[in-house]
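Notes follow once the structure below has been shown.
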Amino acid sequence: MKELVRLLLENLVLDFQGEITSEIVRQHLRADGSKEAKALLGKLVADQGVDDLLLVLADTLKERIRTGINEEVLREELSTYADS
């Protein structure tokens, strides 16, 4: 059972439902106005969209499933992505 749980966790796919477009993300970041939001907005402009962001988030958040995903974890991952 232990190995099956490990196998399932390793092969779990994390995805985002609904349409998350560049424009929707940019609107939220512009409305925020924080330093972190501005950094992420700059990164998204350089990346020409949100596709890379969503892929990276899904991959990095997958690693956090065992310990939990909450607002703080998401903020950390977004900041890390913006700084990369």
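Of all residues in the stretch 59-72, those that are farther than 17 Å from V5 by Cβ and surrounded by 10 or more Cβ atoms within 10 Å (Cβ to Cβ) have Cβ atoms under 6 Å from Cβ atoms of residues that are at pLDDT 90 or above and of a type in the set (D, E, K, R), 6 or more apart or on another chain, in T60/E77. The residue that is nearest to T21 (Cα to Cα), counting only those in the stretch 44-58 that are among the β-branched types (V, I, T) and touching a residue at least 12 places away in the same chain (Cβ under 8 Å), is V50.
Within the stretch 69-84, the residues that satisfy the criterion of being outside any loop (DSSP other than H, G, I, E, B) and of a type in the set (S, T, Y) are S79, T80, Y81. Figure legend. Inter-residue proximity from the stretch 25-43: first residues closer than 15 Å to S84 by Cα, second residues among the aromatic types (F, W, Y), beta-carbon distance below 8 Å, spacing 6+ or different chains. Indicated pairs: L40/Y81; K43/Y81. Residue count for the stretch 46-68, restricted to those that are in contact with a Ser or Thr (Cβ under 9 Å, 6 or more places away or on another chain) and either closer than 25 Å to L8 by Cα or outside any loop (DSSP other than H, G, I, E, B) (or both): 3.
State whether the residues of the stretch 3-19 include one that is surrounded by 14 or more Cβ atoms within 10 Å (Cβ to Cβ) and in a helix (DSSP H, G or I).
Checking the stretch 3-19: not a single residue is surrounded by 14 or more Cβ atoms within 10 Å (Cβ to Cβ) and in a helix (DSSP H, G or I).
Among the candidates G49, G42, the residue that is surrounded by 12 or more Cβ atoms within 10 Å (Cβ to Cβ) and on the phi < 0 side of the Ramachandran plot is uniquely G42. Within the stretch 1-38, the set of residues being farther than 25 Å from E63 by Cβ and not polar (S, T, N, Q) comprises E19, E23, I24, R26, R30, A31, D32, G33, K35, K38.
The values are calculated or read from the model by the stated rules, or taken from the named source; none is laboratory data. Worth saying up front: this structure is predicted, and the values here are computed from it rather than measured. Here the Cβ is made from the backbone with ideal geometry for all residues, glycine too, and neighbour counts use every protein chain on show.
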